[in-house]
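Scroll down for the structure; my scribbles are underneath it.
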């Protein structure tokens, strides 16, 4: 007689039981997060997870073969069944927040595999996977240089097979994705052929050169494959209303529809422009005393911003000035008492990797691995390309002037992304830390960075400079415009000309910034609205907690609690704060 093993979750379901054991939840959470990482070894490396059972993850690439894709589908289906077995009423607010995150991750994973199918249509995804898979090993990690290069050699050896699968999977693309993929692929070629080769340990140089030759041939062949893809046309990057609506609900957390957020953004655009006019008018009197002020918002605000923009770095001093702003922000937040500093302080500024500059045309943030937080994080700053004409370089320097560069640092580093990620890297237990750190809500992450920047200004950063506040409101306009751009570009026939008009003429952006943002909006969907949506939710949540606590409300304690919780979906964070007293430790 043959015996069959029945999954525990199925036995529970068949028995009509619900799982109430905290130890079972911890096992489920650990199995889920580490299996998700094992399914994408590049993400595992970035999280500091190097070994899964018998697999050395740092030596592997994701499996996008038909078998690998089906394995992912089966995994999500099984986890969805196990998730239903837990009795939510028996667990703490923190436990239920984790279950919400797992459910969200499963839904996003299934949407990608069955509807979005990036692996069939977007070559940029493969190019950036390759870049991250190599650059992370090269630039971070606690292992010795020899051990990291051993993993690099193994990944390079496996690269031709990975790219062959990618070439087989890709069915079509569009001119924007094709162009950016080829540009970033050249960055990968440079990374392999020059950057990593030059730094290879002498004992491994011959081995590196051997695998690099085949890897470079496969990268160049993949470039040819990208160039030959069937084009879906100039608007092929658009999601369409129905698919966008489904993804929007998953990414934004389901609390608002695209139409509702668009209406809110358009109202906020008008209100913020009015705030800018009121702030700019007295500055305009000082800066242009001989002018007779017409009642023209664009003229008054535009002329003041033009004068502010003249205070900018040179091409040569851009990075040094950014480093100075980081130290300045670090010292101010530490003494302001509004936002608690994390235990570690290990962020450094580096140039944005070439393979990521299609998306991060200005800068970005790369957190420390969630399982190796002591290895440090990177604030990426994208240099001015040497081949840009003088006018374009000047445009970017004007956009990231004395005030704009400081706001970028506040957003990307302290008290924004870096500070938030460092707090998240102290969450316990480990499985919860990985779940929230790797699979956290983008609405929380981007919303916090915008909200925290405003908090720093409210606390007196740069002595309540009206020029800084006006520049921040300009950046608020950008966050608002991000939402408008994404929704309209992805769901309607909103044109590039209309998008540029919105950014140049209604939100005061420099042309270089507007062109970079347009490209970013065409590369992906539903990420750009997270800034405005998240900021709005943080303000709403703070005001709600303040109303509930009254005179007991302390901003620093509110900030501590949301940072200690980590990047939960905002609706979950709301429930978590309501269900977890400030003095109650998490289990």
Under the classification rounded if a/c is under 1.5, otherwise prolate if a/b is larger than b/c and oblate if not, where does the range 28-74 fall, given a ≥ b ≥ c as square roots of the Cα gyration tensor eigenvalues?
oblate
Pairwise FRET efficiency - residue 30 versus residue 504, Cβ, R0 = 45 Å, nearest 0.05
0.35
At 0.36 nm per residue, and after removing the present C-alpha to C-alpha distance, how many nm does the segment from residue 511 to residue 296 gain when stretched out fully?
75.2 nm
Would you mind classifying the range 8-116 by shape? Square roots of the alpha carbon gyration tensor eigenvalues, ordered a ≥ b ≥ c; an a/c under 1.5 is rounded, otherwise it is prolate if a/b is larger than b/c and oblate if not.
prolate
Over what distance in Å are the Cα centres of the range 517-546 and the range 384-403 separated?
27
Antiparallel content of DSSP bridges confined to the chain, in %, to 5
45
Residue order, fewest to most surrounding Cβ atoms within 10 angstrom, among 471, 314, 195, 382:
314, 195, 382, 471
Sort out for me the Cα centre separation of the range 153-207 from the range 236-302, rounded to whole Å.
40
Between residue 334 and residue 89, what is 0.36 nm times their sequence separation minus the Cα-Cα distance? Round to one decimal in nm.
84.2 nm
When the helices in the chain are scored as -39500 (n - 2.57) per DSSP H run of 4 or longer and the sum is shared across all residues, what 222 nm value do you end up with, to the nearest 500 deg cm²/dmol?
-20500 deg cm²/dmol
How high is the FRET efficiency between residue 71 and residue 575 when r is their beta carbon distance and R₀ equals 30 Å, given to the nearest 0.05?
0.35
Fewest to most neighbouring Cβ within 10 Å: what's the order for 492, 118, 165?
492, 118, 165
What nm value, rounded to one decimal, do you get for the distance between residue 323 and residue 142 when each label is placed 7 Å out toward the C-beta?
2.8
Label-point separation, residue 345 to residue 310 (7 Å along Cα→Cβ), nm
3.6
Taking 0.36 nm per residue of separation between residue 553 and residue 228 and subtracting their Cα-Cα distance, the length gained on full extension comes to 111.0 nm
Rounded to the nearest 0.05, what FRET efficiency is calculated for residue 164 and residue 213 with R0 set to 22 Å and r the Cβ-Cβ distance?
0.85
Highest mean first, how do 48-58, 526-536 rank when packing is the count of other Cβ atoms within 10 Å averaged over residues?
526-536, 48-58
Taking the simple approach of a point 7 Å from Cα along Cα-to-Cβ for both residue 51 and residue 519, what is their distance in nm?
4.2
Which of rounded, prolate, oblate describes the chain, given a ≥ b ≥ c as roots of the alpha-carbon gyration tensor eigenvalues and a/c under 1.5 marking rounded, otherwise prolate only if a/b is larger than b/c?
oblate
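Taken together, the values in this text are just the output of simple stated rules run on the coordinates, not laboratory data. Worth saying up front: this structure is predicted, and the values here are computed from it rather than measured. Positions of Cβ are backbone-derived with ideal geometry, glycine not excepted, and every protein chain shown enters the neighbour counts.
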